[in-house]
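To keep things clear, I will list the structure first and then write my remarks on it.
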Amino acid sequence: MTYLVDLQDVSESDLPLVGGKAGKLGELIREGLPVPPGFVVTTEAYQAFVDATPLAKEIPAALALIQPERTATFEAAAERIRAAFDSTPFPAELERTLREAYERFAKTHKVRFSAVRSSATAEDLEGASFAGLQDTYLNVAGTDAILSSIRRCWASLFTPRVLVYRQKKGFDHSAVRLAVLVQKMVDATVSGILFTRDPNTGENHMIVEAGWGLGEAIVGGEVTPDHYVVDGATQKIVHKQISEQKVRMVRAEGGGNVREEIPASDRGLQKLSDHRLARLVSLARVIESHYRRPMDVEWCGDANALYIVQARPVTTIPTSTAPAVGGGPEATTAGGDEKPILRGFGASPGSASGVARVLAGAADMGRLATGEVLVTSMTTPDMVPAMSQAAAIVTDEGGMTCHAAIVSRELGVPCVVGTREATKLITDGEMVTVDGKAGTVYRGVVLRGRPAGAPGPAETGAASGGHAHLAVPVTATKIYVNVGVPEKAEEYARLPVSGVGLLRIEFIFTAHVREHPLALLKKGRKDELVKRLADGIGKVCQAFSPRPVIIRTSDFKTNEYRGMPGGEEFEPQEENPMIGWRGCSRYISPVYKPAFLCELEAIHRVRTEMGLKNAMVMLPFVRNTWELEEIAEMMKAQGLRRSRDFQLYLMAEVPSTVLLAREFSKHCDGFSIGSNDLTQLVLGADRDSEILGRMGYFDERDPAVQHAIEMLIEGAHAEGRTVGICGQGPSVYPEFAEFLVRKGIDSISLNADTVVTTIRTIASLEERLKLASVRRTG
């Protein structure tokens, strides 16, 4: 069994062994990002500890007592399990292994103080962050203290708040395991959190929050941090809100943490200089680029450098920017024209009205009834059970990245944080309305986004906001889905798409053929090759019929083909296969032509023998028109001739197709932009270069790349040809999607998991552009 692993050797693929937090940090180390060194005590070590002790029987026995509708049973189970952990010593062999590992680590990295952090297998996931729910111990000194902290982290899998949260998110308590991450402690003078996208609105703004000392005070909402808004496209600071900070958490003399007062002269200073802010933003761009999705990043800095200490998907970006159901005036009241009594940060969208219940802390949770508005100085992880039944949440302290903000967004509960005086101005038992998007609180019932007289939150007992499921709107821009393996076709065919914009035939090679095509031909197995290709293609076409399925013929590079069984005999070794013998150049070469003809024969068989006329063809990595002429003749010989019911598309990846778009249009029915290849060839930036990627060179939003796309759309449309794009850019970068829609892109093909959210984004963009056009012409 593997009990220990170095942090730099793990990745997200190791999640069952090292948990979500450690897996992501390991990947970031390999991306060259500044992450403090560490090692992971794996889930197998946790399981060995449980299996070798009475915990193996005690945990399931305690969990069996839980009744989901009774909060008290969660508390009883948690108390019983944690008491068992506290009284259970380490097995001798495991203890010796852990002691030796920490002592080696401390000696190698000159460690005096360490951070001991939970890393669960159900943590930092998309849709469930488990923010602050499992334990973390900072500034831990000495081997005995490290071992004690590891055991306490393990026990934190079973606190009442964690049990309630897992129950609400649908995780099986018995299946979750916990790894523990031990890292060198940074002596932080400043810390904070960064969202690469606004988690409340989804806008292309980076939200950065910073405070003096350790970050736990910010996450816990004990202080209101500085709040910076950075434009995601230009990287310019568009808003600063400097907050006064009176106390900070710092390292105690012999270990552990202590709160200290900040000198009066420093309390109102900007916590993060513009220079350091720019550096932090550049690191965040690398993280978002690596994961291709909005990310929530925890960071800290000492006197010399900035460090990344956690990165997880933003789990709460609204799926729609549509107004609350009903439309109408922005705000009407049931009892007069009132103004907000409080303003703060809109931390979780939606609005709700209810009786205010002012709580001093977790000990008061029993006073909160379902559907009431929770008002407190700041929520803590122990208050999750109460938060889950609240109609809305209002706090005195905290920013967009505090515990209350993160958890309320995941629970879909409207939330306003950082009001400074909610517990003073709101009277326990009075009726209030909370607008989690605007960051405002009203006295009485205020109907947000509804005409007066329509049922409001107080009448329906529900909060309105961006987490409700809405019907998918119709878009002028056609939305397609990308399909990798045929086995997913039936599932993806249920999505609200116009068809398949990209079926990569090379995935069928790897999943169904599993051998180099020329090796099969050499063995006389042509019929087998054609049948396997046809079966895979046919499965997708059948699932989507009569919607079109655009099949991209093979685009393996030589280094990829060499890796297939039998490939070394037929594939040369190229210095730069990315711009080498690939795409159309293979099809017209005497060596590979026989294999390409098998691809065409398989497609023809799908259209004729299977009767699936929705199978279309797309050619990759096209460099010039004369190769297209030769390929067209090959296709005609296989019975594939362009006509009303058979279209041929070209991937627009090489700049020559952009510069001569009108000429290429004579040979096809449309184009599909391959933004990765087009970006690397326009910018001269190898898409596989880690160095250039970290430096921010590879970006499809670059003005030169966007100009190339604009040229292609103009040229193709002038010849009556369509232009689409297949890739994640439009779903990851809303501003890129807006650019494409503005320029008249005809279709966008997406990975299945982003289809619904992107349809809503595109619909909102189209509506906005339509309104803007009406205003200009009106």
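The values are calculated or read from the model by the stated rules, or taken from the named source; none is laboratory data. In this text the structure is predicted, and so the values were computed from the model without any measurement. Reconstructed Cβ throughout: ideal geometry from the backbone, glycine too, with neighbour counts over all protein chains shown. Ligands, DNA and RNA are excluded from the accessible area calculation, which covers all protein heavy atoms including side chains. Shrake-Rupley method; radii C 1.70, N 1.55, O 1.52, S 1.80 Å.
A few points about this structure:
- On the basis of the beta-carbon distance and an R0 of 45 Å, A718 and A175 show a calculated FRET efficiency of 0.20.
- Set of lysines with alpha-carbon distance to K57 below 21 Å, sequence-local pairs under 8 removed: none
- Across the chain, the relative contact order, built from alpha-carbon pairs under 8 Å that are at least six residues apart, equals 9 percent.
- Filtered trypsin sites (Lys or Arg not before Pro), the stretch 1-76: DSSP coil and at most 14 other beta carbons within 10 Å: R70
- Translational diffusion of the chain, µm² s⁻¹ [Kirkwood Rh, Cα pairs; Stokes-Einstein; 37 °C; 0.692 mPa s]: 114 µm²/s
- Put simply, the amide H of S348, placed in the peptide plane, has neighbours under 5 Å in C415, leaving out anything fewer than 5 places away on its chain.
- Computed from the Cβ-Cβ distance with R0 of 56 Å, the FRET efficiency linking E487 to E103 stands at 0.70.
- Take every pair of alpha-carbon atoms less than 8 Å apart whose residues are at least six positions apart; their mean separation over the length of the stretch 559-703 yields a relative contact order of 17 percent.
- Taking 0.692 mPa s as the viscosity and 37 °C as the temperature, the Stokes-Einstein diffusion coefficient of the stretch 344-424 based on its alpha-carbon Kirkwood radius rounds to 278 µm²/s.
- When the stretch 193-276 is described by a simple charge dipole with +1 on each Lys and Arg Cβ and -1 on each Asp and Glu Cβ, the residue from H275, V258, H227 located farthest towards its positive end is H275.
- Prolate/oblate/rounded call for the stretch 160-317, Cα gyration tensor, a/c under 1.5 rounded: oblate
- Rg(Cα)/(2.2 N^0.38 Å) for the stretch 626-748, N = residue count: 1.13
- Computed over the stretch 23-98, the ratio Rg/Rh where both radii use C-alpha atoms and Rh is Kirkwood: 1.14
- Probe 1.4 Å, accessible area per residue of the chain, Å²: 40 Å²
- The residue among V682, T657, I579 whose Cα reaches farthest toward the positive pole of the charge dipole of the stretch 565-708, with charges on the beta-carbon of Lys, Arg, Asp and Glu, is T657.
- Cα-based shape type of the stretch 4-55, given that a ≥ b ≥ c are square roots of the gyration tensor eigenvalues and the cut on a/c is 1.5: prolate
- A quarter of the convex hull surface defined by the alpha-carbon atoms of the stretch 1-130 gives 9.7 nm² as the mean projection.
- Listed residue pairs exceeding 31 Å between alpha carbons, taken from K107/K246; K24/K478; K246/K437; K21/K557: K107/K246; K24/K478; K21/K557
- Working from label points 7 Å from Cα in the Cα-to-Cβ sense, the R768 to A363 distance is 4.9 nm.
- Cα-centred dipole magnitude for the chain, charges only on beta-carbon of K, R (+1) and D, E (-1), debye, nearest 20: 1120 debye
- The chain - share of DSSP beta bridges that are antiparallel (%, nearest 5): 65 percent
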